[in-house]
Amino acid sequence: MVDLASDFLDRKTPIFRDDVCFFISQSGETADTLAALRYCKGKGSLNLGITNTVGSSISRETDCGVHINAGPEIGVASTKGYTSQVVSLVMFALVMSEDRLSLQPRRSEIIAGLKNLSADIKEVLEQDNMISSLAEKLYESRSLLVMGRGYGYATCLEGALKIKELTYMHSEGILAGELKHGPLALVDEMLPIISIITRCPVYGKCMNAILQVTARGGKPILICESGDTSTKDLVPDSVYIQVPHTVDCLQGILTIIPMQMLAYHMALLKGCNVDCPRNLAKSVTVE
């Protein structure tokens, strides 16, 4: 299970000696995460840290872990720290599954995706001018929704967070399956909606949500895979940001980069400080 460190402590989550707990923090000094780590140590679990800072409290106090080696990150809003954490966790899962014969085809697919990841990221970065033009149309909006499903949901949450941090605009990441449970009431021709739709097992359900949006006058911006002509045929009037196809568990690395770039360009247009957003600090050292 995945849990936020602050909520994890509030609920006094049961932890046992045969549990393995991961603690993920870019700085390695996040107060809530450190408190959760110390709680789990008291329960006798095996504790692993994922951090970008050698010698940080989390790297010292965990039993073992991974330094993601993303290099210094100057801006408060994490970008390469986030993507490097995803890669580190995927590689950890690969090591854990290497003795499972039934998982070898899946492992080979993921390893091939990792080898091509650098070239795929360069291809996404080449769309900077197009994303900058899109930012000019969006930066004066009052609110923005980002929706997706499956692996794309993490991109929605992280992308919406980047827009909040850098542009001070209200943005919300939502599950596409929850659209009819409330968010659909917000949809009209004025609300910017970004949808993450890749060729994964939940593609059909994501497309259904997009069609629900267009039926109510919405004009979603789609982050989809290169060469996905069927999606363009179904939603011909949308703006498309295309990313290369890769294995599903790595697709979130490619789909978050356009969101990071969009937040950056929108912040510049609004005159915001992209490195030091107001009211925020790089390391959250108090609860």
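Details
- Ligands, DNA and RNA are left out, and with a 1.4 angstrom probe the accessible area of the chain is 51 Å² per residue.
- nm² value of the averaged projected area, convex hull over the Cα atoms of region 86-205: 9.6 nm²
- For the chain, carbon and sulfur atoms together expose 55% of the accessible surface, with a 1.4 angstrom probe and every protein chain in place.
- Cα-based Kirkwood hydrodynamic radius, the chain, one decimal, Å: 20.3 Å
- Eigenvalues of the alpha-carbon gyration tensor of region 55-134, scaled by 5 and square-rooted, set the equivalent ellipsoid semi-axes at 27, 23, 8 angstrom, largest first.
- When the chain is treated as a Gaussian network with alpha carbon springs shorter than 10 Å, the biggest mean-square fluctuation among Asp120, Asp128, Asp19 belongs to Asp19.
- Look at the Cα gyration tensor of region 134-187: its axes a ≥ b ≥ c give a/c of at least 1.5 with a/b at or below b/c, and that counts as oblate.
- Computed magnitude of the charge dipole of region 161-229 (debye, nearest 20; Cβ of K, R +1, Cβ of D, E -1): 100 debye
- Sequence-distant contacts, meaning Cα pairs under 8 Å at least 6 residues apart, place the relative contact order of the chain at 20 percent.
- Folded to 0 to 90 degrees: helix 31-43 orientation relative to the chain principal axis, Cα: 40 degrees
- Listed residues Thr231, Thr13, Thr33, most fluctuating in the chain (Gaussian network, C-alpha, under 10 Å): Thr13
- Across region 206-287, the volume of the C-alpha convex hull divided among the residues equals 176 Å³ per residue.
- Solvent-accessible area of Val284, all protein chains in place: 80 Å² (probe radius 1.4 Å, heavy atoms, ligands and nucleic acids excluded).
- Region 22-77 and region 199-223 have their alpha-carbon centroids 37 Å apart.
- Directionally averaged shadow of region 1-100, computed from the convex hull of its alpha-carbon atoms, nm²: 6.8 nm²
The values are calculated or read from the model by the stated rules, or taken from the named source; none is laboratory data. For clarity, every value in this text was computed on a predicted model and none was experimentally measured. Cβ: placed from backbone, ideal geometry, glycine included. Neighbour counts: every protein chain shown. Note: accessible area is taken over every heavy atom of the protein model, side chains too, but ligands, DNA and RNA are not part of it. Shrake-Rupley method; radii C 1.70, N 1.55, O 1.52, S 1.80 Å.
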